[in-house]
Amino acid sequence: MTVPAPARPAPAGGGRTVLLGTVSSDAHTWNLVYLQLLLEEAGHRVINLGACVPEELFAAECHRHDPDLVVVSSVNGHGCTDGKRLAAVLRADPALADVPIVIGGKLGVAGRLTGTQVDELFAAGYTAVFDDGADRDRFLEYLGRLELPVAGRAA
Amino acid sequence: MPRGPFAAAVAAARARGELVVQPRMGFGDPAAMRAGLTAVARARATTAGTVTLDSYTRVGDQAAAVRALADGSPLNGYPIVAHPVEVTRWVLAAAQRYGMPVQVRHGSALPEEIFAALLRTGVDATEGGPVSYCLPYSRVPLRDAVDSWARCCAAYTRLRDVGVEPHLESFGGCLLGQLCPPSLLVAVTVLEGMFFRQHGLRSVSLSYAQQTCPEQDEEALAALRRLVDELLPELDSHIVLYTYMGVYPRTSEGALGLLGAAARLAVRGGAARLIVKTPAEAHRIPTIEENVAALEHAARVAAAEPPATTGVEDTGIYAEARALIEAVLDLGSDVGVGLVRAFERGHLDIPYCLHPDNAGQARGYITARGRLAWARAGRMPVRVDRAAGGRPAEMTSDGLLTALSYVATRYDQAAPPAVGPAESVPALPR
């Protein structure tokens with residue numbers, strides 16, 4: 001897992017609106033079912049977009065739900081390639097410039113991502129990257145200490 | 001009954017008392033695909049060959065498939081639309097030389113171009129279905145998938161113009177692969193078979209995927225056979241069993257144990273064909289050699305297993321599947337219309353399926369006895385039987401992980417010897 005250090009102490013957990021989905025080429029959904037349960041158990045409200053989400057739909061759903069956090073999960077090996085394209089589309093939208101976007105799963109076709117690939121994901125606009133092997137507790141810890149910019153964001 | 005080469009080969013094997021074993025296999029490179037079919041044909045087993053298509057072809061992105069062929073990028077299957085007809089005929093000739101039937105497998109909710117390619121190349125067997133390739137694996141509206149599959153079925157019957165009877169298998173017995181109680185799997189594959197018949201098919205196969213409990217699976221296969229006899233009696237048909245489609249054991253012993261259990265279940269449950277998985281499954285795409293070894297293992301185990309002589313306990317799978325089927329048929333004389341309305345109303349509801357056209361109210365769980373049961377049935381006409389295995393707790397994230405890996409854990413921990421046919425079924429918890 002690669003996450004930036006938290007800028008400020010953790011806010012109270014739970015209560016966030018989380019938009020959850022996968023990349024356009026990925027038909028897998030058990031990972032999304034699992035993450036929805038995990039996030040709901042942590043007290044968040046989850047909008048689960050399901051399989052094969054086109055970039056434009058992801059952006060439209062961001063506008064519709066105004067999420068505090070976007071979670072992209074992919075396990076088909078195209079997550080790094082397709083995920084960069086997705087982040088580019090979302091970050092190109094001025095209204096989505098500041099929303100935290102995290103990506104995780106089995107993101108490459110050949111096991112763990114290289115450092116360069118992780119850097120590329122950050123450069124594309126991700127706030128955090130949870131590569132294969134990152135565990136649940138570290139994801140939850142991240143959620144707990146993330147200073148989510150709820151206020152002051154263009155909606 | 002009219003039969004094309006694929007259906008005829010399966011029927012002949014069944015008459016000889018042999019289980020047809022079939023891999024899941026696809027390569028973008030024609031030479032590799034041809035070599036794969038040749039190796040499967042030469043395996044020491046009664047085999048059917050498989051040409052699995054790549055992801056780009058499945059979603060109709062032919063430009064991407066052509067680009068990948070041009071620049072040599074690896075594809076995860078055979079791009080039958082992008083390759084010229086002559087190339088595909090050359091690939092299939094390898095199977096024809098050995099008299100081995102071949103099925104094209106894809107996973108497409110809108111398969112028009114794929115069926116057109118099948119007609120161009122004369123492939124007489126494929127699979128899928130308007131529900132089974134739409135709800136679990138796409139976000140195509142169900143209505144569109146139903147219309148597309150109706151057109152494709154009708155088009156496929158044109159193979160009769162060249163004297164070949166097409167064969168179509170429903171993937172409805174798999175759905176999401178895990179945590180769906182058997183009655184819904186049985187109902188959906190029978191309904192897709194009825195849909196195929198309505199649109200002109202006369203030779204079909206119905207599917208069922210191995211789940212968590214051998215006795216329950218055997219009952220499900222008996223229910224499926226009975227419903228096919230009752231509802232599709234005039235068609236040429238057979239039953240195909242899928243080796244477990246969920247999280248796969250990580251050890252070779254566990255994987256072969258699970259495969260052996262599938263082979264025994266196929267024989268006991270009266271399936272004519274078995275889709276096989278390899279010990280590489282949990283880790284990567286298997287090689288040709290690994291596929292051949294798995295086919296031969298399954299064939300050895302199947303040959304040593306006598307067909308079931310006594311019936312299995314009826315816990316109600318047949319009645320539940322029949323009720324689900326009737327709930328759909330009550331919604332319209334057109335099976336496709338009935339399916340769309342049934343999902344709209346939640347009369348069919350696939351557990352854990354996130355598709356926008358699925359009601360998403362139903363939940364399956366694994367009971368203390370290792371059987372699949374309904375935790376919640378939504379608006380489906382089935383009863384949530386608390387006596388089946390104690391009161392189910394609401395599914396948690398931890399519980400989901402445990403349930404998804406239940407079979408893999410069992411077989412990895414209690415693995416039988418790796419070489420058949422003398423192995424025994426690993427004990428399931430009681």
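Say we look at region A:27-65 and pick out the residues that are out of contact with any His (no Cβ under 8 Å at 6 or more places or on another chain) and in a strand (DSSP E or B); which of these is nearest to the other protein chains (Cβ to nearest Cβ)? Before you say what the answer is, go through the steps one by one.
Quick first cut of region A:27-65, residues out of contact with any His (no Cβ under 8 Å at 6 or more places or on another chain) only: A:27-46, A:48-49, A:52-65.
Next, from what is left, pick out any that are in a strand (DSSP E or B): A:45-46, A:48.
Values: A:ARG45: 16, A:VAL46: 11, A:ASN48: 6 Å.
If we take residues in region A:27-65 being out of contact with any His (no Cβ under 8 Å at 6 or more places or on another chain) and in a strand (DSSP E or B), then A:ASN48 is nearest to the other protein chains (Cβ to nearest Cβ).
Look at region B:355-378: where a residue is more than 14 Å from chain A (Cβ to nearest Cβ) and surrounded by 19 or more Cβ atoms within 10 Å (Cβ to Cβ) and a partner is hydroxyl-bearing (Ser, Thr, Tyr) and assigned to a strand (DSSP E or B), sitting 6+ places away or on another chain with Cβ atoms under 9 Å, you get B:LEU372/B:TYR365; B:ALA373/B:TYR365; B:TRP374/B:TYR365.
Where residues in region B:149-169 are among the charged types (D, E, K, R) and surrounded by fewer than 24 Cβ atoms within 10 Å (Cβ to Cβ), which of them is farthest from the chain's Cα centre (by Cα)? Don't jump to the end; show me each part of the working.
Of all residues in region B:149-169, those among the charged types (D, E, K, R) come to B:151, B:158, B:160-161, B:165, B:169.
Going one step further and asking which of them are surrounded by fewer than 24 Cβ atoms within 10 Å (Cβ to Cβ), we end up with B:151, B:158, B:160-161, B:165.
Working: B:ARG151: 22, B:ARG158: 25, B:ARG160: 25, B:ASP161: 28, B:GLU165: 21 Å.
Filtering first and then ranking leaves B:ASP161.
Just one of (1) of a type in the set (Asp, Glu); (2) within 13 Å of another protein chain (Cβ to nearest Cβ); (3) crowded, with 21+ Cβ neighbours inside 10 Å fails for A:ASP131. It is (2).
Is it true that some residue in region B:278-290 is closer than 22 Å to B:PRO166 by Cα and either touching a Cys at 6+ places or on another chain (Cβ under 6 Å) or crowded, with 24+ Cβ neighbours inside 10 Å (or both)? First the steps, then the outcome.
We begin by selecting, within region B:278-290, every residue closer than 22 Å to B:PRO166 by Cα; these are none.
No, region B:278-290 contains no residue that is closer than 22 Å to B:PRO166 by Cα and either touching a Cys at 6+ places or on another chain (Cβ under 6 Å) or crowded, with 24+ Cβ neighbours inside 10 Å (or both).
Listed residues B:ALA271, B:ALA303, B:ALA308; which is under 19 Å from the mean Cα position of the chain (by Cα) and touching a residue at least 60 places away in the same chain (Cβ under 8 Å)? Criteria check complete, one pass: B:ALA271. Within region B:55-79, work out how many residues are under 12 Å from A:SER25 (Cα atoms), within 11 Å of chain A (Cβ to nearest Cβ) and not in a helix (DSSP H, G or I). Count: 2.
Quick check: is even one residue across region B:366-385 of a type in the set (Lys, Arg) and touching a helix residue (DSSP H, G or I) at 6+ places or on another chain (Cβ under 7 Å)?
In the first step, residues of region B:366-385 are kept if they are of a type in the set (Lys, Arg); the result is B:369, B:371, B:376, B:379, B:383.
Subset that is touching a helix residue (DSSP H, G or I) at 6+ places or on another chain (Cβ under 7 Å): B:371, B:379.
Yes - at least one qualifying residue is present in region B:366-385.
Anything in region A:73-103 that is in a strand (DSSP E or B), farther than 13 Å from A:GLN117 by Cα and of a type outside the set (Ser, Thr, Tyr)? List them, or say none. Matches in region A:73-103: A:ILE101, A:VAL102.
Looking only at residues of region B:1-25 that are surrounded by fewer than 20 Cβ atoms within 10 Å (Cβ to Cβ) and of a type in the set (A, V, I, L, M), we find that the one that is nearest to B:ARG202 (Cα to Cα) is B:MET1. Looking only at residues of region B:168-190 that are farther than 15 Å from B:ILE317 by Cβ and among the polar types (S, T, N, Q), we find that the one that is farthest from the other protein chains (Cβ to nearest Cβ) is B:SER170. Given the structure, is B:LEU92 over 23 Å from B:HIS297 (Cα atoms) and in contact (Cβ under 8 Å) with a residue 40 or more places away in the chain? It is true that B:LEU92 is over 23 Å from B:HIS297 (Cα atoms) and in contact (Cβ under 8 Å) with a residue 40 or more places away in the chain.
Do the conditions hold for B:ALA109, that is, is it hydrophobic (A, V, I, L, M, F, W, C), within 25 Å of the chain's Cα centre (by Cα) and crowded, with 16+ Cβ neighbours inside 10 Å?
Working: hydrophobic (A, V, I, L, M, F, W, C): yes; within 25 Å of the chain's Cα centre (by Cα): yes; crowded, with 16+ Cβ neighbours inside 10 Å: yes.
For B:ALA109, the condition - hydrophobic (A, V, I, L, M, F, W, C), within 25 Å of the chain's Cα centre (by Cα) and crowded, with 16+ Cβ neighbours inside 10 Å - is met.
Only one residue in B:GLY36, B:GLY28 is closer than 19 Å to B:THR126 by Cβ, crowded, with 21+ Cβ neighbours inside 10 Å and modelled with pLDDT of 95 or more, so which one is that?
Details: B:GLY28 fails: modelled with pLDDT of 95 or more.
Selected residue: B:GLY36, the only one of B:GLY36, B:GLY28 that is closer than 19 Å to B:THR126 by Cβ, crowded, with 21+ Cβ neighbours inside 10 Å and modelled with pLDDT of 95 or more.
Suppose the filter is within 16 Å of the chain's Cα centre (by Cα), loosely packed, with under 14 Cβ neighbours inside 10 Å and not β-branched (Val, Ile, Thr); does A:ALA110 pass it?
Working: within 16 Å of the chain's Cα centre (by Cα): no; loosely packed, with under 14 Cβ neighbours inside 10 Å: yes; not β-branched (Val, Ile, Thr): yes.
Against the criterion (within 16 Å of the chain's Cα centre (by Cα), loosely packed, with under 14 Cβ neighbours inside 10 Å and not β-branched (Val, Ile, Thr)), A:ALA110 does not qualify.
In region B:170-218, what residues are surrounded by fewer than 24 Cβ atoms within 10 Å (Cβ to Cβ) and outside any loop (DSSP other than H, G, I, E, B)? Hits for region B:170-218 are B:MET194, B:ARG197, B:GLN198, B:PRO214, B:GLU215, B:GLN216, B:GLU218. Scanning region B:368-378 for residues that are charged (D, E, K, R) and within 13 Å of B:ALA323 (Cβ to Cβ) yields a total of 0.
Every condition in (1) in contact with an Asp or Glu (Cβ under 8 Å, 6 or more places away or on another chain); (2) without any contact (Cβ under 8 Å) to a residue 24 or more places away in the chain; (3) not aliphatic (A, V, I, L, M) is met by B:PRO79 except one, and the failing one is (2). Taken over region A:66-102, the residue count meeting the criterion of being touching a Gly at 6+ places or on another chain (Cβ under 7 Å) and within 14 Å of chain B (Cβ to nearest Cβ) is 5.
Here is a yes/no grid of residues against (1) more than 15 Å from B:ARG89 (Cα to Cα); (2) free of Cβ contacts under 8 Å to residues at least 12 places away in the same chain; (3) of a type in the set (Ser, Thr, Tyr); (4) not assigned by TED's automatic domain parsing to the domain that holds B:ALA93:
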site: B:VAL10; (1), (2), (3), (4): yes, no, no, no
site: B:VAL21; (1), (2), (3), (4): yes, no, no, no
site: B:ARG24; (1), (2), (3), (4): yes, no, no, no
site: B:MET33; (1), (2), (3), (4): no, no, no, no
site: B:THR38; (1), (2), (3), (4): no, no, yes, no
site: B:ALA43; (1), (2), (3), (4): yes, no, no, no
site: B:THR52; (1), (2), (3), (4): yes, no, yes, no
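Pick from region B:118-167 the residues that are in contact (Cβ under 8 Å) with a residue 60 or more places away in the chain, under 19 Å from B:VAL190 (Cα atoms) and assigned to a loop (DSSP other than H, G, I, E, B): which of them is nearest to the other protein chains (Cβ to nearest Cβ)? The selected residue is B:PRO136. Mind listing whichever residues of region A:48-66 are touching an Asp or Glu at 6+ places or on another chain (Cβ under 9 Å), within 22 Å of B:LEU401 (Cβ to Cβ) and modelled with pLDDT of 95 or more? A:LEU49, the sole residue that qualifies.
The values are calculated or read from the model by the stated rules, or taken from the named source; none is laboratory data. As the structure is a prediction and not an experimental result, all values here were calculated from the model. Here Cβ is always computed from backbone atoms with ideal geometry, including for glycine, and neighbour counts include all displayed protein chains.
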